[in-house]
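One structure is given here, and the rest of the page talks about it.
The values are calculated or read from the model by the stated rules, or taken from the named source; none is laboratory data. These figures come from a predicted structure and were not determined experimentally. Don't worry about glycine lacking a Cβ; one is built from the backbone with ideal geometry, like all the others, and counts go over all protein chains shown.
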Amino acid sequence: MMNLLFLAIVTVSLIFFQTIIFPSFFWFSQCFDLMIVNIIFLSLAYSHYAVILMIILVGGIMDSISGVAFFHHIFSYLWIYLIVQLFKQFVFQRSVIFILIISLVSVLIQQGLILFSIFIEQGGEAIGQMDFSLMLWPLFWGSLLIPTGVWMINALRQYWMYLGKRLKKQFAPRYRG
């Protein structure tokens, strides 16, 4: 229950930062999807089927509040989850290099899906006219902020669990029957 509450708080906070705070700053105008941090953390920390349901729910929320085609976020989040689950079996998952590579691959998955949707809707001419330098900013911010964000969420989760155990220990003698 404590883990679920923590993940709900982190998810709502990331949605808040992505939709309200970051767009007001010039240097974050071309930022990556902050929910990737949450998806990578969930993929590294948990392997349950309930995580897939949570990812679909978060993706549905992001699809609802964003302007992209529906199922864009759900599809990209599920692919990120599956790729991390696949590679974490073969690679030491606490490695900074592993998290950096997964971060870049995650941003590339979302950028690729955006390019694919543009190609489907407007054809190949529209892709030829795109400014691909705009796609470099999300990669830059993703390489900096995703590993840092995953580390911060992990540290906050450990502190959250410590506080939960401390409160449980403190209230246990009072309410024993």
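From the list 14, 44, 113, the one residue that fits, being assigned to a helix (DSSP H, G or I), buried (at least 18 other Cβ atoms within 10 Å of the Cβ), modelled with pLDDT under 85 and of a type outside the set (Gly, Ala, Ser), is 113. When each of 135, 161 is tested for being modelled with pLDDT under 85 and surrounded by 13 or more Cβ atoms within 10 Å (Cβ to Cβ), the lone residue that passes is 135.
For segment 52-68, filtered to residues that are without any contact (Cβ under 8 Å) to a residue 12 or more places away in the chain and over 19 Å from residue 114 (Cα atoms), the residue that is surrounded by the most Cβ atoms within 10 Å (Cβ to Cβ) is 57. The set of residues in segment 74-100 that are in a helix (DSSP H, G or I) and exposed (fewer than 15 other Cβ atoms within 10 Å of the Cβ) comprises 82, 86, 96, 97. Within segment 22-34, can one find any residue that is touching a residue at least 60 places away in the same chain (Cβ under 8 Å), closer than 18 Å to residue 77 by Cα and part of a helix (DSSP H, G or I)? Within segment 22-34, none of the residues are touching a residue at least 60 places away in the same chain (Cβ under 8 Å), closer than 18 Å to residue 77 by Cα and part of a helix (DSSP H, G or I). Picking from 71, 119, 132, which residue would you name as being farther than 23 Å from residue 20 by Cα, touching a helix residue (DSSP H, G or I) at 6+ places or on another chain (Cβ under 8 Å) and free of Cβ contacts under 8 Å to residues at least 40 places away in the same chain? Among 71, 119, 132, only 119 is farther than 23 Å from residue 20 by Cα, touching a helix residue (DSSP H, G or I) at 6+ places or on another chain (Cβ under 8 Å) and free of Cβ contacts under 8 Å to residues at least 40 places away in the same chain. Just to be sure, is residue 151 at pLDDT below 90 and within 27 Å of the chain's Cα centre (by Cα)? No; evaluated as a whole, the condition is false for this residue.
Criterion first (closer than 30 Å to residue 1 by Cα, in contact with a Phe, Trp or Tyr (Cβ under 8 Å, 6 or more places away or on another chain) and of a type in the set (Lys, Arg)) does residue 157 satisfy it? Judged against the criteria, residue 157 is a match.
The sole residue among 56, 20 that is modelled with pLDDT of 90 or more, over 19 Å from residue 153 (Cα atoms), out of contact with any Leu (no Cβ under 6 Å at 6 or more places or on another chain) and of a type outside the set (D, E, K, R) is 56.
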